[in-house]
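Q: This structure is in structure tokens; I'll ask about it shortly.
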Amino acid sequence: MVAALVAFTFAMRRRGYSGFGGNTVVRCREGHVFTTIWVPGVSLKAIRLGLARVQRCPVGKHWTIVKPVKDDDLSDEEKQSAAENRDIRIP
Ligand SMILES: [Zn+2]
């Protein structure tokens, strides 16, 4: 189980999700970009949901579905937003 989690985390990192398994940049349904903590245990659950999860967006202050964003898919503006908006909630 642990090996599977580690393998998954590395697989995601190879695909361009550099922060996977820790601080991860995500985008909500409204297009807000922020940084959250996405732990592998939660991620495995998220896979079944299509790599998405429901959480509170600190930018729009609303509940929404968020999905991880690849570093390459972020504009400079979005990287700025992700750096400024962090969900500090402990998972
Ligand atoms: Zn939002």
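Q: For the range 26-37, check the following and say yes or no: at least one residue is closer than 14 Å to MET12 by Cβ and at pLDDT 90 or above.
A: Yes; the residues of the range 26-37 include at least one that is closer than 14 Å to MET12 by Cβ and at pLDDT 90 or above.
Q: What is the residue count in the range 3-25 for residues that are modelled with pLDDT of 85 or more and surrounded by fewer than 20 Cβ atoms within 10 Å (Cβ to Cβ)? Step through it out loud before you land on a result.
A: Filtering the range 3-25 for residues modelled with pLDDT of 85 or more gives 24-25.
Subset that is surrounded by fewer than 20 Cβ atoms within 10 Å (Cβ to Cβ): none.
Residues that pass the stated criteria total 0.
Q: Then there is this: Go through the range 41-66 and give me each residue that's out of contact with any helix residue (DSSP H, G or I) (no Cβ under 9 Å at 6 or more places or on another chain) and either modelled with pLDDT of 85 or more or near the ligand (Cβ under 9 Å from one of its atoms) (or both).
A: Listed by number, the residues that qualify are VAL54, GLN55, ARG56, CYS57, PRO58, GLY60, LYS61, HIS62, TRP63, THR64, ILE65, VAL66.
The values are calculated or read from the model by the stated rules, or taken from the named source; none is laboratory data. The structure presented is a predicted model; accordingly, all values stated were derived computationally and were not measured. As a convention, Cβ positions derive from the backbone with ideal geometry for all residues, glycine included, and neighbour counts pool all protein chains shown.
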